[in-house]
Amino acid sequence: MAKDIKLNTIVTFTTQFASMIGAYIPLVKTIDNLKDDINDKEFKSILNSISEEIKRGVDFADSISRYPHAFDTVYVNMVGAGMASGKLDMTLKQLSTYLTKRAETANKVKSAMSYPIFMFFAMTAIMIMMLIFVIPMFQKLFENSGKELPKPTQIAISMSEFLQNHWLILIITIVSIIVLIKGYISTKGGRRKLDLIKIKVPLFGVLNSKASISKFIRTFGVLVKSDVPILKAIELSKSSSDNLIIEESLDNIINMIEKGYGIAEAFREVGLFPDIVIQMISSGEESGNLDELLINTANYYDDQVDNDIKAIVSLINPISTVIISLGVAGLLFAVFLPIFQLGDTLG
């Protein structure tokens with residue numbers, strides 16, 4: 001199975017592609033020129049294959065649809081719509097803007113999530129190093145004293161001995177747990193539970209929910225702007241949310257619209273989307289500017305994501321510092337407590 005091409009690579013390609021098509025450079029020549037500047041070997045190979053297929057008479061949209069790990073269904077359908085309308089250059093510019101925003105949102109959320117993960121591993125590494133290297137240095141001193149050690153010190157020594165004697169078992173256990181968790185979340189039930197946690201977990205739940213809704217709304221708006229029918233636009237957009245809970249809600253929305261519900265009415269009924277989204281969709285239905293209002297709503301949510309990330313990072317920084325400090329202080333307390341007690345006895 002081919003690995004997915006990085007989003008940033010697709011963004012760069014699409015931006016340059018849109019500029020060259022807008023300058024009326026022929027399609028095949030554009031692809032041939034761009035592929036020479038691509039560093040990703042797999043993507044360069046894909047572009048080379050697409051170029052050869054177009055020369056043989058294959059439609060461009062049909063050609064890129066054969067490489068879903070590079071061009072998703074949204075990309076393929078927008079290109080198809082652009083070619084059908086004779087506005088491929090405009091469609092590619094919309095795609096470039098859409099993909100750039102999508103990449104920015106993904107990178108911002110990833111950045112916010114990576115800091116606490118880094119701090120957790122940093123704290124774990126510090127604690128392990130102290131247990132393996134610092135505690136044993138004092139252990140012999142404690143044993144030679146012949147006195148009963150305080151409970152915190154006994155616990156620290158027990159943890160140190162366990163790490164030194166059973167480190168292989170510990171590593172095997174951790175790896176096994178990771179493999180089992182990965183296997184579970186690769187199932188639909190596991191992914192559903194993980195995605196539910198993503199939007200419900202304290203602090204990060206609201207951030208993940210806003211980011212997922214923003215990605216869906218932007219995709220939906222861009223497809224509607226490209227004259228893709230509403231139901232097909234929702235169907236194509238739902239996977240962009242990267243959340244199975246939202247995707248299932250959108251399936252329900254599609255079913256309701258097919259039964260005669262209005263778009264805003266269907267979104268209101270599922271009870272997952274905020275009022276501002278429903279109000280914008282309702283206004284768009286009435287005014288005929290649904291695409292513009294959806295994209296404006298996505299921009300609003302992107303700003304909300306930015307603000308939430310700043311707030312979370314400003315909150316996590318001191319909390320992480322306090323947690324690490326308490327962990328290290330706890331171990332130091334366990335190490336020096338017997339020494340303090342011995343000093344009191346001698347005094």
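Assorted remarks:
- Here the calculated FRET efficiency for Leu196 and Asp32, from their Cβ-Cβ distance with R0 = 51 Å, stands at 0.65, rounded to the nearest 0.05.
- Evaluated at q = 0.20, 0.24, 0.27 Å⁻¹: base-10 log I(q)/I(0), Debye formula over Cα of region 62-120: -0.78, -0.94, -1.06
- Over the chain: Rg over Rh, Cα atoms, Kirkwood Rh: 1.14
- Relative contact order (%) - criterion: Cα under 8 Å, at least six apart; region: region 7-102: 35
- Taking Cβ atoms as reference points and 13 Å as the exclusive limit, the residues near Val201 contribute a net charge of +2, counting Lys and Arg as +1 and Asp and Glu as -1.
- Counting every pair of alpha carbons in region 174-274, the share spaced more than 16 Å apart comes to 61 percent.
- Ratio of the Cα radius of gyration of region 7-102 to 2.2 N^0.38 Å, where N counts its residues: 0.96
- Between helix 204-225 and the chain there is an angle of about 10 degrees, using the helix long axis and the longest principal axis of the Cα atoms.
- When each of the peptides 84-94, 266-276 is scored by how many other beta carbons lie within 10 Å of its residues on average, the order from highest to lowest is 84-94, 266-276.
- Net charge of the neighbourhood of Ile21, taken over other residues with C-beta under 10 Å away and scored Lys/Arg +1, Asp/Glu -1, is 0.
- Taking 25 Å as the limit for the C-alpha separation, the pairs Lys35/Lys215; Lys29/Lys232; Lys6/Lys200; Lys35/Lys93; Lys110/Lys225; Lys35/Lys110 exceed it in the case of Lys35/Lys215; Lys29/Lys232; Lys6/Lys200; Lys110/Lys225; Lys35/Lys110.
- Between the Cα long axis of helix 275-287 and the first principal axis of the chain there is an angle of about 0°, rounded to the nearest 10.
- Over the chain: helical MRE at 222 nm, DSSP H runs n ≥ 4 each giving -39500 (n - 2.57), nearest 500: -27500 deg cm²/dmol
- Rounded tilt (10° steps) of 188-200 against the dominant C-alpha axis of the chain: 80
- For region 103-347, the relative contact order is 26 percent, taking Cα pairs closer than 8 Å that sit 6 or more residues apart in sequence and dividing their mean separation by the residue count.
Taken together, the values in this text are just the output of simple stated rules run on the coordinates, not laboratory data. Source: prediction; values computed, not measured. Methodologically, a virtual Cβ is constructed for each residue, glycine included, from the backbone with ideal geometry; neighbour enumeration extends over all protein chains shown.
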